[in-house]
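See below for the structure under consideration.
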């Protein structure tokens with residue numbers, strides 16, 4: 001195969017060859033042309049012109065479509081172009097459980113990760129009201145999903161990905177919290193607790209916390225309270241199985257996260273309150289990395305603008321973001337992602353219906369930390385936060401204006417209801433011209449922004465920093481899968497560091513202001529996520545990385561601070577935890593990054 005001018009590192013070539021290259025493609029430029037032609041095929045006119053526009057923003061890794069788009073668009077493969085799905089409610093019966101398992105298996109086989117809310121399953125030890133069969137609980141059935149995922153990913157270069165969530169008032173919440181304390185258990189799952197506002201108030205008041213389940217599913221009598229429950233159209237009477245101290249439960253959650261890196265937290269009431277489709281959806285789960293909270297059977301349609309590729313005159317006093325180029329990329333990227341909805345295959349018919357009714361997309365950014373390094377801004381500084389907030393605000397507003405224009409040209413998303421949509425808190429905070437445009441013309445996509453980890457596509461782009469994460473390390477080892485399911489080790493240098501060294505004729509050292517994820521205080525991580533959240537209508541995948549030696553007392557405030565800052569969720573990672581090795585600084589112990597909302 002001929003050399004490829006765009007693949008600057010061995011891992012970039014490996015990623016392209018094992019994940020994104022289609023048969024007969026001799027360069028990544030050929031991949032861009034394939035994707036551009038495929039996505040332009042649904043345009044009503046001038047398809048050649050739109051193919052040129054789509055290719056133009058992908059060229060040079062300025063815009064990175066999601067991995068499933070790059071791998072599948074324009075091929076004959078029977079795969080989905082959506083990275084991930086949230087699956088339907090799991091019916092609390094053996095046929096229902098295994099039907100849900102089958103749906104997940106089919107979805108993963110076609111290339112999609114899956115998210116599930118396991119709260120619909122009866123707590124362990126409770127008899128069924130009709131058969132008397134004793135439930136083994138949701139965590140036991142998660143083991144079945146884990147085995148399925150491991151089996152499906154046993155060949156191929158892409159790890160299977162799953163998210164499991166559980167309500168904070170489910171009677172098996174302690175077992176869920178502690179599920180990953182057993183080594184090697186649930187290795188294919190990310191875990192997140194659905195944390196409610198009421199639970200946070202109970203913690204503050206040091207109150208008892210009722211652990212409940214729908215009374216109709218339990219034998220016997222007892223105290224009941226009304227609760228909205230997944231799979232139910234409205235609030236239902238729920239039996240109080242027992243009560244626990246809210247603070248004791250919170251402390252248990254914090255210790256598990258400190259010791260194992262899991263579970264993360266989803267501030268589920270805020271997620272639903274800020275949902276643009278608040279008037280027709282109740283969300284209880286997310287995609288596996290948490291950047292897209294979704295209703296049953298919906299999917300995430302992702303792409304990222306590479307900010308590191310838009311910095312002009314890097315490492316000089318004249319360094320700046322090319323705002324004009326950014327303004328050109330955003331509307332074309334929105335159109336590209338909207339077209340993906342119309343060309344993708346779907347593993348299940350329910351997914352096709354759910355996706356087309358809302359036409360959600362998730363345009364985001366990657367390379368933020370490297371862009372900051374090139375600009376001479378320290379990650380977490382006031383100047384870095386202002387840059388990030390202003391950039392994401394510009395992307396958000398440009399994306400919404402384009403979606404309004406698409407609605408005028410191609411039609412609104414089917415579940416659009418002007419008066420109710422305009423009442424949403426996120427929409428209310430948009431500029432007046434955007435709200436007026438929505439009122440007049442509608443909007444093509446219910447949601448437009450999401451910041452994903454963008455890990456593999458960032459490797460393809462030269463190992464730019466992933467998503468909005470700080471740089472992991474100047475140099476580090478990375479384990480990736482081969483097509484045969486084996487693994488390979490690569491030594492990587494961060495893209496901004498590599499460019500700086502090349503500029504100065506050096507083989508070591510780092511630029512001024514360089515900082516790694518574990519160098520930063522917790523407050524800096526949270527501040528960056530908070531600076532961006534106001535311009536993101538879906539959510540943000542962000543891991544709060546803390547040093548191995550941090551004490552529990554210093555770690556413990558992280559989730560409360562995340563909640564107080566208005567975030568939709570939070571995940572932490574401490575390198576000392578016993579977890580799967582994916583990234584390892586060359587001078588440090590192995591660790592794992594597991595981003596979530």
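For residue 537, the stated conditions hold: it is within 16 Å of the chain's Cα centre (by Cα) and either part of a loop (DSSP other than H, G, I, E, B) or surrounded by fewer than 23 Cβ atoms within 10 Å (Cβ to Cβ) (or both). Restricting attention to the stretch 199-225, the residues that are assigned to a loop (DSSP other than H, G, I, E, B) and within 28 Å of residue 128 (Cα to Cα) total 6. Looking across the stretch 454-463, just one residue is more than 15 Å from the chain's Cα centre (by Cα), more than 12 Å from residue 492 (Cβ to Cβ) and not in a loop (DSSP other than H, G, I, E, B), and that is 460. Specify the residue that is surrounded by the most Cβ atoms within 10 Å (Cβ to Cβ); the eligible residues are those in the stretch 3-33 that are touching a strand residue (DSSP E or B) at 6+ places or on another chain (Cβ under 8 Å) and in a helix (DSSP H, G or I). Ranking the candidates gives 15 first.
So is residue 449 touching a strand residue (DSSP E or B) at 6+ places or on another chain (Cβ under 9 Å), crowded, with 19+ Cβ neighbours inside 10 Å and under 30 Å from residue 356 (Cβ atoms) or not? Yes: the conditions hold for residue 449. Selection of first residues in the stretch 545-559 that are without any contact (Cβ under 8 Å) to a residue 40 or more places away in the chain and of second residues that are part of a loop (DSSP other than H, G, I, E, B), restricted to Cβ pairs under 7 Å at least 6 apart or on distinct chains, gives the following pairs, ordered by first then second residue: 546/518; 546/574; 547/518; 550/574. Among the numbered conditions (1) more than 25 Å from residue 35 (Cα to Cα); (2) in contact (Cβ under 8 Å) with a residue 40 or more places away in the chain, the only one that residue 102 does not meet is (2).
Which residue, of 204, 235, 246, 215, is within 22 Å of residue 566 (Cα to Cα) and free of Cβ contacts under 8 Å to residues at least 40 places away in the same chain? Going through 204, 235, 246, 215 in turn, the sole match is 204. Within the stretch 160-183, if we keep just the residues that are out of contact with any helix residue (DSSP H, G or I) (no Cβ under 9 Å at 6 or more places or on another chain) and within 19 Å of residue 147 (Cβ to Cβ), the residue that is modelled with the highest pLDDT turns out to be 163. Here residue 518 clears all of (1) touching a strand residue (DSSP E or B) at 6+ places or on another chain (Cβ under 8 Å); (2) in a helix (DSSP H, G or I); (3) without any contact (Cβ under 8 Å) to a residue 60 or more places away in the chain except the condition numbered (2). Scanning the stretch 464-496 for residues that are assigned to a loop (DSSP other than H, G, I, E, B), modelled with pLDDT under 95 and touching a helix residue (DSSP H, G or I) at 6+ places or on another chain (Cβ under 8 Å) turns up 482, 483. Kindly indicate whether any position in the stretch 406-423 is touching a helix residue (DSSP H, G or I) at 6+ places or on another chain (Cβ under 9 Å), under 27 Å from residue 309 (Cβ atoms) and surrounded by 20 or more Cβ atoms within 10 Å (Cβ to Cβ). Yes, the conditions are met somewhere in the stretch 406-423.
With respect to (1) closer than 30 Å to residue 488 by Cα; (2) touching a helix residue (DSSP H, G or I) at 6+ places or on another chain (Cβ under 8 Å), the lone exception for residue 146 is condition (2). The residues of the stretch 34-50 that are farther than 14 Å from residue 343 by Cα and buried (at least 19 other Cβ atoms within 10 Å of the Cβ) amount to a single one, 50. Scan the stretch 497-513 residue by residue and report those that are out of contact with any helix residue (DSSP H, G or I) (no Cβ under 6 Å at 6 or more places or on another chain) and either in a helix (DSSP H, G or I) or crowded, with 18+ Cβ neighbours inside 10 Å (or both). 497, 498, 499, 500, 501, 502, 503, listed by residue number. Here residue 581 meets the list (1) at pLDDT below 95; (2) touching a strand residue (DSSP E or B) at 6+ places or on another chain (Cβ under 8 Å); (3) under 30 Å from residue 204 (Cβ atoms); (4) part of a loop (DSSP other than H, G, I, E, B) almost entirely, failing just condition (3).
Matching residues to (1) touching a residue at least 12 places away in the same chain (Cβ under 8 Å); (2) surrounded by fewer than 19 Cβ atoms within 10 Å (Cβ to Cβ); (3) under 30 Å from residue 14 (Cα atoms):
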site: 110; (1), (2), (3): yes, no, yes
site: 126; (1), (2), (3): yes, no, no
site: 145; (1), (2), (3): yes, no, yes
site: 150; (1), (2), (3): yes, yes, yes
site: 162; (1), (2), (3): yes, no, yes
site: 167; (1), (2), (3): yes, no, no
site: 176; (1), (2), (3): yes, no, no
site: 186; (1), (2), (3): yes, no, yes
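When residue 437 is tested against (1) crowded, with 18+ Cβ neighbours inside 10 Å; (2) in a loop (DSSP other than H, G, I, E, B); (3) in contact with a helix residue (DSSP H, G or I) (Cβ under 9 Å, 6 or more places away or on another chain), just one condition goes unmet, and that condition is (2). Across the stretch 227-244, the number of residues qualifying as over 12 Å from residue 212 (Cβ atoms) and out of contact with any helix residue (DSSP H, G or I) (no Cβ under 8 Å at 6 or more places or on another chain) comes to 3. Tallying residues that are out of contact with any helix residue (DSSP H, G or I) (no Cβ under 8 Å at 6 or more places or on another chain) and farther than 17 Å from residue 167 by Cβ within the stretch 249-274 yields 1. Entry remark, the stretch 218-250: residues being over 21 Å from residue 91 (Cα atoms) and under 31 Å from the mean Cα position of the chain (by Cα) number 5 in total. Hey, any hits in the stretch 69-89 for a residue that's under 22 Å from residue 233 (Cβ atoms), assigned to a helix (DSSP H, G or I) and at pLDDT 95 or above? No - not one qualifying residue is present in the stretch 69-89.
The values are calculated or read from the model by the stated rules, or taken from the named source; none is laboratory data. Note that the structure is a prediction, hence the values are computed from the model and not measured. In this analysis, Cβ positions are derived from the backbone assuming ideal geometry, glycine residues included, and neighbour counts consider all displayed protein chains.
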